[in-house]
1. Please give me, ordered by residue number, the GluC sites (Glu not before Pro) of the stretch 31-135 that lie in loop per DSSP and have at most 14 other Cβ atoms within 10 Å.
2. Using +1 on the beta carbon of Lys and Arg, -1 on that of Asp and Glu, and nothing else charged, what's the dipole of the stretch 14-129 about the Cα centre, debye to 20?
3. Taking the dipole about the Cα centre of the stretch 14-129, with the C-beta of Lys and Arg at +1 and of Asp and Glu at -1, give me whichever of HIS80, THR25, ALA66 is farthest to the positive side.
Amino acid sequence: MTTAIEEQVFGGEHHSGRVARPLWTAMKRGLLGRCPHCGEGKLFRAFTKTVDTCSVCGEELHHHRADDLPAYLVIVIVGHIVLGAFMGVEATSTLSTWQHIAIWVPLTILLSVALLQPVKGAVIGLQWAFYMHGFGDEHDVIEPHPGA
């Protein structure tokens, strides 16, 4: 009987022979702006521009497909925080409309900007852990739209 707690690993398809990659570790590394593979190299070269390859382990990162998912997740997260806080303040105080605007608009903008890069990093970590979009050495096949 072992007392060590092993991290639950997702993404390894046992029938495919691929090694399982640790999902939560990869997402945490991405959240912190680090390479999901080694956790050492930087993931971003600019605010939301990823590096092509990790400078430490050489993992290729250019083929990720985070697309709009990070922005959608940030909208959901910030919406829940700001709306919940607004409703709590509105129920317990008598602030004017202008006071609400002065509080909630800047807070919404600051939270959105602050969360965008970490959320994008976590999405890239998720893709790496699940061997998605080129992280499994396969190339995505993009089917043409039937109407095109």
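Readers should treat all values here as calculations from the given coordinates under stated rules, not as data from a laboratory. Given the structure is predicted, the values throughout are model-derived calculations rather than measurements. Cβ placement follows ideal geometry from the backbone for every residue including glycine, while neighbour counts extend to all protein chains displayed.
1. Sparse-neighbourhood loop GluC sites (Glu not before Pro): GLU40.
2. My answer is approximately 320 debye.
3. THR25
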